[in-house]
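The values are calculated or read from the model by the stated rules, or taken from the named source; none is laboratory data. Just so it is clear, the structure is predicted and the values come from calculations on it, not from any experiment. Neighbour counts run over all protein chains shown; Cβ positions are idealised from the backbone, glycine included.
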Amino acid sequence: MKTSAQLERRRFERAPLTATVEYELTNSSSGPSRVRRSMANISLGGLFISTEEQIRAGTRMVVRFELPNRHRVIAVSRVCYLKKGQGLGVEFLTLDDEDRDEIQSYILAMKAK
């Protein structure tokens, strides 16, 4: 049986994106309020954050990042999976239409290269 993270990887096309992502855990009462890390790729379903932090699957967070065209995205998300020593697979739970369109445009532009 496939996990939801494995199914998500097949459902959405990914594109590389090296950018700073800021995230804030929403179901944690301790630790820093906002953390900045690098993201490695993006899809319409979510993104991958490069970090050695171990945040368990299911943890909710708000992510903030800027696409190369300077469009700023803010989305409520959750950790889908952890790749120990590499990073976190994060799924978007809320993404407005404009943000979705901008991400899709970026992915299509990267695919055309």
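Cβ-Cβ distances below 9 Å connect no pair with a first residue in segment 93-113 that is closer than 20 Å to MET61 by Cα, a second residue that is in a helix (DSSP H, G or I) and of a type in the set (D, E, K, R), and a separation of six or more residues or different chains. For segment 1-24, the candidate set comprises residues that are under 13 Å from the mean Cα position of the chain (by Cα) and hydrophobic (A, V, I, L, M, F, W, C); within that set, the residue that is modelled with the lowest pLDDT is ALA5. Only residues that are farther than 23 Å from SER105 by Cα and either touching a strand residue (DSSP E or B) at 6+ places or on another chain (Cβ under 7 Å) or modelled with pLDDT of 95 or more (or both) were counted in segment 32-49, giving 5. For segment 77-94, give me each residue that is assigned to a strand (DSSP E or B) and loosely packed, with under 15 Cβ neighbours inside 10 Å. LYS83 - this is the single residue of segment 77-94 that is assigned to a strand (DSSP E or B) and loosely packed, with under 15 Cβ neighbours inside 10 Å. If you go through segment 54-76 and pick out every residue that is in a loop (DSSP other than H, G, I, E, B), in contact with a Leu (Cβ under 8 Å, 6 or more places away or on another chain) and surrounded by 13 or more Cβ atoms within 10 Å (Cβ to Cβ), you end up with 4.
Each residue in segment 79-103 was checked for being on the phi > 0 side of the Ramachandran plot and out of contact with any Ser or Thr (no Cβ under 9 Å at 6 or more places or on another chain), and 1 of them qualify. Pairing each residue of segment 62-89 that is closer than 24 Å to ALA109 by Cα with any residue that is loosely packed, with under 13 Cβ neighbours inside 10 Å, provided the two are 6+ apart or on different chains, yields C-beta distances under 6 Å for GLU66/ARG72; ALA75/THR94. Every test in (1) of a type outside the set (S, T, N, Q); (2) touching a Leu at 6+ places or on another chain (Cβ under 7 Å); (3) modelled with pLDDT of 95 or more is passed by LEU93 save one, and that test is (2).
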